[in-house]
1. Scan the range 98-121 residue by residue and report those that are touching a residue at least 40 places away in the same chain (Cβ under 8 Å) and surrounded by fewer than 17 Cβ atoms within 10 Å (Cβ to Cβ).
2. Considering each residue of the range 148-182, count those that are open to solvent by 80 Å² or more (accessible area, probe 1.4 Å) and within 16 Å of ligand 4 (Cβ to nearest atom), and give that number.
3. Please determine, by comparing only the residues of the range 234-246 that are within 16 Å of ligand 3 (Cβ to nearest atom) and either open to solvent by 10 Å² or more (accessible area, probe 1.4 Å) or not in a loop (DSSP other than H, G, I, E, B) (or both), which one is farthest from K114 (Cα to Cα).
4. Kindly indicate the residue of the range 183-207 that is open to solvent by less than 70 Å² (accessible area, probe 1.4 Å) and of a type in the set (D, E, K, R) and also farthest from E242 (Cα to Cα) among those meeting that condition.
5. Kindly list the number of the only condition in (1) touching a residue at least 40 places away in the same chain (Cβ under 8 Å); (2) within 16 Å of ligand 4 (Cβ to nearest atom) that fails for C129.
6. Can you name the number of the only condition in (1) within 28 Å of R170 (Cα to Cα); (2) of a type in the set (V, I, T); (3) in a helix (DSSP H, G or I) that I199 fails?
7. Tell me which residues, restricted to the range 184-210, are among the charged types (D, E, K, R) and either in contact with a strand residue (DSSP E or B) (Cβ under 8 Å, 6 or more places away or on another chain) or within 24 Å of G258 (Cα to Cα) (or both).
8. What number goes with the only condition from (1) away from ligand 3 (no atom under 16 Å from the Cβ); (2) open to solvent by 80 Å² or more (accessible area, probe 1.4 Å); (3) in a loop (DSSP other than H, G, I, E, B); (4) at pLDDT 95 or above that D210 does not pass?
Amino acid sequence: LSEVSRVLEKLKLFIEPVEQANQPITEDLLLDAISKNEITPFYQPKINRATKRITSVEVLARIVSNETGQLILPDRFIGVAEDLDLINLITFQLFEKATEDFQEIRQTLHGEVKLAFNLSPLQLDDYGCPDKLALILELNHLKPENIILEITEHQPLNRPLQLETLNRLRMRGFDISLDDYGTGFTNLSQLKTLPLNEIKLDRSLVSHIDTDRFSQVIVDGLVDIAQNEGIVLVAEGIERIEELNYLERYKNTLLMQGFLISRPKSKREFLRWALSWLRMINSDQ
Ligand code: C2E
Ligand code: MG
Ligand code: MG
Ligand code: MG
């Protein structure tokens, strides 16, 4: 009987977290994680389908417990951090770690590759944002030209100061990317007013694009606009081979990202994945 209860006890560890998996974490937990330096970058590549090159690597925030190694996903803490005005602290912790990791990533990939960070529109309300980011880069011997800033549209992006900060970031040499396009607040005419280098098509447009006529028409139009404006398009959230095959027709315009190619991974796992990807494309040639 004690054997049985021991096993049940163990199982509970696996079963219980599922219920709470999507709950926002508490302020205490978040402050604790920040002060223990537990905000950790995970990495997910964007691929040029025509050349198979890894053109950039997106940094996705995780809390990794120093003691247990337990992982907390950003959907549970980015919103909390925004509400408590702690989002800058998270970005700077990530920025420091990822720009340090980047030297190794660049060496492994030996080629032009950029690092992409997610910024909340709220962070564009901070007039000092461009200077702070540039300073951290300088300390790590990097340039804004190495960096893409993905603006996530969970909040509207329409205040004059936000636009001004975006323009200043762009003038400093950062690439600007509009994330989750198709779900947020930016309509087609607004696209023209934003200083964009890249637009990321939301997963809702990409999943089932092989059969969904509506998504096909929209993506076709956006590819057209992007080509005319010289903007890079990224399809995010590619999970199925059918989606990848359908998108093949845009392979000269559209970068690919998704679980099918690689899930977000720790630095170690990502470098391992990247080496086998390089081996694969070299043996193809
Ligand atoms: P995002 O920037 O749009 O990132 C894409 C999210 O989709 C990531 O979730 C990624 O793991 C997931 N994903 C990638 N490929 C696939 C796929 O093929 N299928 C599915 N189902 N999902 C896929 P994650 O890492 O949980 O991040 C969620 C969101 O949290 C991000 O969405 C971004 O908006 C936000 N976030 C993450 N890190 C940061 C950060 O450092 N700062 C800010 N402000 N927001 C962040
Ligand atoms: Mg993103
Ligand atoms: Mg996205
Ligand atoms: Mg998203």
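The values are calculated or read from the model by the stated rules, or taken from the named source; none is laboratory data. Every value quoted in this text rests on a predicted model; they were computed, and no experiment measured them. Because the Cβ atoms are built from the backbone with ideal geometry, glycine has one as well, and the counts that use them run over all protein chains shown. We work out accessible area using only protein heavy atoms, side chains counted, and drop any ligands, DNA or RNA first. Shrake-Rupley method; radii C 1.70, N 1.55, O 1.52, S 1.80 Å.
1. E100, E104, T108, G111, E112
2. Residues meeting the conditions: 1.
3. Among those residues, the one meeting the criterion is E243.
4. My answer is E198.
5. In the conditions (1) touching a residue at least 40 places away in the same chain (Cβ under 8 Å); (2) within 16 Å of ligand 4 (Cβ to nearest atom), C129 misses (2) alone.
6. So the condition that I199 fails would be (3).
7. Filtering the range 184-210 down to residues among the charged types (D, E, K, R) leaves 192, 198, 200, 202-203, 210.
Within the range 184-210, E198, K200, D202, R203, D210 meet the criteria.
8. Here D210 meets the rest and fails (2).
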